[in-house]
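*Asks:* Questions regarding the structure given below will be posed in turn.
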Amino acid sequence: MDSTTRSEVSTSDRPRLARHVRLAFNTARQQHVLQLPETVVVLNRSGAAILELCDGQRTVAEIVAELGERYERVPDDEVRRFLTRLVARRCVEPADG
C-alpha cells in the first residue's frame, strides 16, 4: 500500500518533515512551531522532541527508543498516533522502512 493512502504510521517507517514544513523555535512564544505555507502549528515539548528526530533516517521504533533514553516512559502507540495525525495533515512523510 502506498504511504500516502494508508492510515497508520508503522514502527518501521522512517518519518521526515514534508518539504514545505519547517520546525522552528518561536522566541516570542518560547515554543517550537511547525511552519507551513499558510499556518503555524504550536507544538508542546513532547511533539517538538519527536519531530526533531524525524530525519528520514531513524525508524519510528528508533525514535521511541531514543526518547525512552531521555524520558522515563514513552508510549509507542502515542508517538505513532501523533505522527499519523501529522501524516494526515501532510506535515510528515512516512518513508517505508
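*Asks:* Could you work out which residue, out of Val64, Val40, Val21, moves most in a Gaussian network model of the chain, that is, has the largest mean-square fluctuation with Cα springs under 10 Å?
*Replies:* Val40
*Asks:* Another question about this same structure. In whole percent, what relative contact order does segment 4-43 give with Cα contacts below 8 Å and a gap of six or more residues?
*Replies:* Over segment 4-43, the number comes to 26 percent.
*Asks:* Sticking with this structure for a sec: Can you send over the carbon and sulfur percentage of the accessible area for segment 1-81, probe radius 1.4 Å, protein chains only? All intermediate terms of the calculation are to be shown ahead of the outcome.
*Replies:* Working: 2310 of 5320 Å².
That fraction is 43 percent.
*Asks:* Once you place label points 7 Å from the Cα toward the Cβ at Asp77 and Ala18, how far apart are they in nm?
*Replies:* 2.7 nm
*Asks:* Moving on. Karplus couplings for segment 43-52 from phi (6.51 cos²θ - 1.76 cosθ + 1.60, θ = phi - 60°), rounded to Hz, Gly and Pro as x?
*Replies:* Couplings: 9, 7, 4, 5, x, 5, 4, 5, 5, 4 Hz.
*Asks:* Name the shape class, rounded, prolate or oblate, that the alpha-carbon gyration tensor gives for the chain, where a ≥ b ≥ c are the square roots of its eigenvalues, rounded holds for a/c under 1.5, and otherwise prolate holds if a/b is larger than b/c and oblate otherwise. It would help to have the intermediate numbers written out before the result.
*Replies:* Numbers: a/c = 1.99, a/b = 1.15, b/c = 1.73.
Since a/c reaches 1.5 but b/c is at least a/b, the shape of the chain is classed as oblate.
*Asks:* Okay, next question. Quick check on the chain: helices-only [θ] at 222 nm, where DSSP H runs of length 4 and up contribute -39,500 (n - 2.57) each and the sum goes over total residues. Nearest 500, please.
*Replies:* Using -39500 (n - 2.57) per qualifying helix, the result is -10000 deg cm²/dmol.
*Asks:* Please work out the average accessible area per residue across the chain, using the 1.4 Å probe convention, and give it in Å².
*Replies:* 64 Å²
*Asks:* Near the amide H of Asn26, under 5 Å away, which other amide H atoms are found, from residues 5 or more places off or on another chain, if H is placed in the peptide plane?
*Replies:* Gln31, His32, Val33
The values are calculated or read from the model by the stated rules, or taken from the named source; none is laboratory data. As the structure is a prediction and not an experimental result, all values here were calculated from the model. As a convention, Cβ positions derive from the backbone with ideal geometry for all residues, glycine included, and neighbour counts pool all protein chains shown. The accessibility values were calculated without ligands, DNA or RNA, using every heavy atom of the protein model including side chains. Shrake-Rupley method; radii C 1.70, N 1.55, O 1.52, S 1.80 Å.
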